[in-house]
Amino acid sequence: MQEPITSLRAGASAQVIALLGPGSSFQRKLRTMGIREGVRIKVVAVHPFAGPLVVEIGGRQITLGRGIARKIMVRAED
Amino acid sequence: MKRIVLMGNPNIGKSVVFSRLTGAEVITSNYPGTTVDFSRGRACLEDERVEIIDAPGTYSLQPTNRAEEVAVEMLRWADLIINVVDATNLERNLFLTLELLEERKPMILALNMWDEAERSGIEIDKKALEEHLDLPVVSTIALTGEGIKELVEKLHEARTPADLKALSEEEKWIDIGWISKEVQKVSHRHPGLADRLSEATIKPFTGTPIALMVIFSTFWTVRLIGEGLIAHLFEPLFELYRPLAIKVSAALGPGMLHDLLIGKIIDGNIDYVQSMGLLTTGIYVPLGMVLPYIVGFYLALSLLEDSGYLPRLATLSDNLFHRLGMHGHAIVPLFLGLGCNVPGALSTRNLETRKQRFIAATLLGLAVPCTAKSAMIFGVLGSYGQGYVFLVFAALALVYVAAGLVLNKAVRGESPEIFLEIPPYRRPGFLTILKKTWMRIRWFLAEAIPFLFLGVLLVNVLYTVGFMEWIARIFSPFFEWWLAIPGEAVVALLVGFFRKDLAVGMLLPLGLNAGQMVVATTVLSLYFPCVATFAVLVKELGMRDTLKSAAVMAVTALLVGGAMRMALIG
């Protein structure tokens, strides 16, 4: 099942399925930071009050705003 | 002369490689976006004089902010590219590498942070990578200098790959996936102390109290170092200097030259703060009042920068900054601005849109007190009691937030969300920190002292020609009516345009009461940044936006000053 990464809890892992969102430049930015279809992604922290998410990809942490995170579709792993 | 440009992703050590190659000193830190402008240096490599350019980091050749625009611009001037690549993050870095190849310029690859890659269980087959890319590849550890010699020796092998076809973005990613699978072996590694610390400092519930503690202890350290240096070093030095200054004063006798060099004699003695002579106040304010805190501040800042803590702080504070029309990365201009507004204003280049840069720069000039401003606030209000000092800083913090909320609504444009890479924690190097602090101190001395001398000179000239009395008379009615402070305080505002710290000597002799002094100090902090910051704002925002920004500052200063007058004086 596909869901945006924002619906995962902190500590959960998932696989990136698709990047939604406007234009190729937005998706390029995600990909050049390591967020690409197929990679494993872990949610490290979810900041309250619609704050940013911290995710981990290939041992590197990245902070992303909630709106950006909503465009990352993932399949949760258990 | 051949031009060599260093290109690579942010925060992978390009500037360290640059200093290694040229011997030039540049500021380096452990967070993405330290370099916002290019630096150039010359070197003699392999008996050839070359020019080396250090470009800001970028993830791709389609820039998303002004710092990245500079990087892409630099590429046009390159005769040869050194593509610095983060060995701990090969896959992601290769995208820029493939884009750079399509520029068809001779290129060489430096796999930097080789030691960190080895430690984290990453093995890269250099030979295989060389074959896949058809480029010379060198492994480097720029921090220790390892591999730099080999990089230099191999520069002449830099080349454009023989069969190179332009790839679409998708094809590039497929290529990258394939290459990294072929050349790289990653063995799993258990999370260590650094990883656990990293998690604890970035999660909201553990990270927030830690952040408050870090900020508190930072300022506590700055004060400790500053006050210690003043009490044990600078005050004694200036007391040693006093007899000499008095001799000069006696030798000169009364007259114009005495007024200019020594200034007023107060109660039969030289008053370093109020005398207003080039050889008294002109030296004492920058060296005796501000420099000690500059030393303390930049030592503490270097620790925050080099450990990698700032991006965590940016994450934790993102929520607040987002409401002010920026995002967490705006913590960098704010922190740099507490030292000096000039580097603070330059670092707004890491923000993506005009709206974000305008708000960040305006709030910076308005409500972020640089060390000189802070020294002024302490110098003027310290004798009235610490409570009043706190009142001014609290007012500034409140103005920062309130003005941000308003500007977020009022300024048109986009405010994209935070998208920031968090670097691993690194142990700051003792020597690196000392060197960096020393560079910034030298820069402060070179910038501050000329402006301070100009300020002192201006004060003396304007007093002599009677301009000060004239302007004080004109403004008196307005100042007394609106702010309940005497018109002479306008003189401090004028002088504050050159150096805020100089205003201490102008305000102290006025004999204001505590409430008036708080109002005067707050207005003086808010109304305008110094002339050096103004020049940078014009460069970064353009004339139109700078004037708008200045209007916001002036109006806010008068409104806040009026409100504080009501609250404190009645």
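Each reported figure results from applying straightforward, stated rules to the coordinates on display, with no laboratory input. The structure presented is a predicted model; accordingly, all values stated were derived computationally and were not measured. All Cβ positions, even for glycine, are placed from backbone atoms using ideal geometry, and neighbour counts span all protein chains on display.
Taking the Cα centre of the range A:17-78 as the origin, how large is its charge dipole in debye, to the nearest 20, when only Lys and Arg (+1) and Asp and Glu (-1) carry charge on their Cβ atoms?
The dipole magnitude comes to about 240 debye.
All other residues with a Cβ under 13 Å from the Cβ of B:Val17 taken together, and with Lys, Arg as +1 and Asp, Glu as -1, what is their net charge?
-1
Once you place label points 7 Å from the Cα toward the Cβ at B:Ala551 and B:Leu510, how far apart are they in nm?
2.7
Against the 2.2 N^0.38 Å scaling, with N counting residues, where does the range B:490-570 land? I'd like the Cα-based Rg ratio to two decimal places.
Normalised Rg, Cα atoms only: 1.18.
To the nearest µm²/s, what D does Stokes-Einstein give for the range B:2-186 at 20 °C and 1.002 mPa s, using the Kirkwood radius over alpha carbon pairs as Rh?
It diffuses with D of about 132 µm²/s by this estimate.
Which of the chymotrypsin sites (Phe, Trp or Tyr not before Pro) found in the range B:382-472 are loop residues per DSSP with 10 or fewer other Cβ atoms within 10 Å of their Cβ?
The qualifying sites: there are none.
Restrict the search to the range B:363-449; then list the GluC sites (Glu not before Pro) that DSSP places in a loop and that have at most 16 other Cβ atoms within 10 Å of their Cβ.
Loop-located and lightly packed - B:Glu414.
By how many nm would the segment from B:Ala394 to B:Val248 lengthen if fully extended, with 0.36 nm per residue of separation less the alpha-carbon distance?
Fully extending the segment from B:Ala394 to B:Val248 adds 48.3 nm.
Rounded to the nearest 500, what is the 222 nm mean residue ellipticity of chain A from helices alone, with -39500 (n - 2.57) per DSSP H run of 4+ residues and division by all residues?
Calculated mean residue ellipticity at 222 nm is -4500 deg cm²/dmol.
Mind jotting down a quarter of the surface of the convex hull over the alpha carbons of the range A:3-76, in square nanometres, one decimal?
That works out to 4.2 nm², a quarter of the Cα hull's surface.
Within the range B:24-57, whose backbone N sits under 20 Å from a point 7 Å along Cα→Cβ of B:Leu431?
What the label zone holds, given the 20 Å backbone N cut-off, is B:24-30.
Just to be sure I understand the rule: take each whole DSSP H helix in chain B, project its Cα atoms onto its long axis, keep it if the span is 30 Å or more and its mean Kyte-Doolittle hydropathy is at least 1.6. Which ones pass?
Correct list, ordered by number: B:386-410.
Which loop chymotrypsin sites (Phe, Trp or Tyr not before Pro) in the range B:228-300, with loop taken from DSSP, have no more than 11 other Cβ atoms within 10 angstrom of their Cβ?
none
Any idea what the dipole of chain B comes to, in debye rounded to 20, about its Cα centre with Lys/Arg Cβ at +1 and Asp/Glu Cβ at -1?
With Lys and Arg at +1 and Asp and Glu at -1, about 1440 debye.
Average projected area of the Cα convex hull of the range B:360-481, in nm²?
Result: 13.5 nm².
Based on the alpha-carbon set only, what is the convex hull volume of the range B:355-416 divided per residue, in Å³?
74
Quick one: if the Förster radius is 41 Å, what FRET efficiency do B:Thr206 and B:Val152 give, using the C-beta to C-beta distance and rounding to 0.05?
0.35
Would you list, by chain and number, the lysines whose Cα falls below 27 Å from the Cα of B:Lys203, excluding same-chain residues fewer than 8 positions away?
Result set, ordered by chain and number: A:Lys29, A:Lys42, A:Lys71.
With Cβ to Cβ distances under 13 Å as the rule, what net charge do the other residues near A:Gly34 carry (K, R +1; D, E -1)?
Result for the neighbourhood of A:Gly34: +3.
Going by C-beta contacts inside 10 Å, put B:Ile294, A:Ile72, B:Ile174 in order with the fewest on the left.
B:Ile174, A:Ile72, B:Ile294
If you place +1 on the Cβ of every Lys and Arg and -1 on the Cβ of every Asp and Glu, how big does the dipole about the Cα centre of the range B:25-85 come out, in debye to the nearest 20?
Computed about the Cα centre, the dipole is about 180 debye.
Using a/c under 1.5 as the rounded threshold, could you call the range B:180-278 rounded, prolate or oblate? The axes a ≥ b ≥ c are square roots of the C-alpha gyration tensor eigenvalues, and prolate needs a/b larger than b/c, oblate otherwise.
In terms of gyration-tensor shape, prolate.
On a full-extension model of 0.36 nm per residue, what is the gain between B:Glu480 and B:Leu405, subtracting their alpha-carbon distance, rounded to one decimal in nm?
Length difference between fully extended and current span is 23.9 nm.
Per residue, how big is the convex hull of the protein assembly as shown when only Cα atoms are used? Give it in Å³.
169
How high is the relative contact order of the range A:3-76, given as a whole-number percent (alpha carbon pairs under 8 Å, six or more residues apart)?
Normalised by residue count, the contact order of the range A:3-76 is 43 percent.
Give the relative contact order (percent, whole number) for chain B; include only Cα pairs under 8 Å separated by 6+ residues.
Averaging sequence separation for qualifying contacts and normalising by length gives 12 percent for chain B.
Restricting the calculation to Cα positions, tell me the Rg (one decimal) and the Dmax (whole number) of the range B:413-570 in Å.
When restricted to Cα atoms, the range B:413-570 yields Rg and Dmax of 19.8, 60 Å.
Per residue and in cubic angstrom, what volume does the convex hull of the Cα atoms of chain B have?
172
Considering every Cα-Cα pair within the range B:42-91, what fraction, in whole percent, is farther apart than 12 Å?
Tail of the P(r) past 12 Å holds 69 percent of the pairs.
What list do you get for B:Leu240, B:Leu320, B:Leu313 if you sort them by fewest beta carbons within 10 Å?
Going from sparsest to densest Cβ surroundings: B:Leu240, B:Leu320, B:Leu313.
From the helices alone, meaning DSSP H stretches of at least four residues, give me the mean residue ellipticity at 222 nm for chain B, per-run term -39500 (n - 2.57), in deg cm²/dmol to the nearest 500.
-18500 deg cm²/dmol
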